[in-house]
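A quick write-up on the structure given underneath.
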């Protein structure tokens, strides 16, 4: 079994850095790079593209609302057209930076409130995916399994790759426990390793209500803003290596 370990990265700007991306990247096989909306700037984007390209790590865009103060987690009253503009603008910026380095942006993962909005509006999801198909029909959309984003992307002809969020608690309906609620973010090393073993061996996760939920995914996502992300990613890397054949993941070093 081959598993992609994925993480959001570059979620700072200027002198402000959220996580030690230079260390975190040793434990992942694909990255979603903040591209100037909720975080990220030309310098951080260029640095991460170079770093990922040099290590053979897959490069993806991570567009979000242009809301650095709220880290892209606050809802914005944007029209569908304005959301499309933001997605195209941010993706295009990363594509240009990647091309200048001889690299390619192969996937896209929406950030926080923007992703939530798209995932709740069928017409908007269709509009965004049709636009992305026109930009790059080979662009893979990373998303949660059985989500509106997944179905809209597939209907538009875009490839998808489902994510299992190892550091976020799930509810019985398959949605994430909202941030701010107790237990929403999982930072305990043993708990994360246990969740990964359960997913790899049984294809399930235990919900916050205590029930068993089937999960279909080909990638494990750990957020760089989760406290202790580098250490947790290192443990995740070791746990997965003990459970499966990580052909897609570069060795630590």
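Every read-out reported here was derived from the displayed coordinates using simple, explicitly stated rules and does not represent laboratory data. These numbers were taken from a predicted model, which means no experiment stands behind them. Cβ sites come from the backbone with ideal geometry, for glycine too, and all protein chains shown count toward neighbours.
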- What is the extension gain from residue 209 to residue 80, computed as 0.36 nm multiplied by their sequence separation minus the C-alpha to C-alpha distance, in nm to one decimal? 43.0 nm
- Note on the structure: Options (i) 1.45; (ii) 0.94; (iii) 2.23 are given for Cα Rg over 2.2 N^0.38 Å, and the computed one is (ii)
- When ranked by the protection proxy of mean other Cβ atoms within 10 Å per residue, highest first, what sequence do the peptides 26-34, 40-48 form? 26-34, 40-48
- Note on the structure: Averaging 1/r across every pair of distinct alpha carbons in segment 135-253 and inverting yields a Kirkwood hydrodynamic radius, in angstrom, of 15.3 Å
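Could you tell me what % of all Cα pairs in segment 111-198 have separations over 22 Å? Walk me through the numbers before you get to the answer.
Details: 1320 of 3828 pairs.
When every Cα pair of segment 111-198 is considered, 34 percent fall beyond 22 Å.
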- Item | Estimated [θ] at 222 nm from DSSP helical runs (n ≥ 4, -39500 (n - 2.57)) normalised by residues in the chain, nearest 500 | -12000 deg cm²/dmol
- Message: Please give the Cα centre distance for segment 133-176 versus segment 78-106, rounded to the nearest Å.
- Response: 18 Å
- Within 10 Å, count the other beta carbons around each residue, average over each peptide in 168-179, 80-91, and list them highest first. 80-91, 168-179
- Query: Can you work out the base-10 log of I(q)/I(0) for segment 1-120 at q = 0.11, 0.14, 0.19, 0.22 1/Å, using the Debye formula on its C-alpha atoms alone?
  - Reply: -0.33, -0.54, -0.96, -1.24
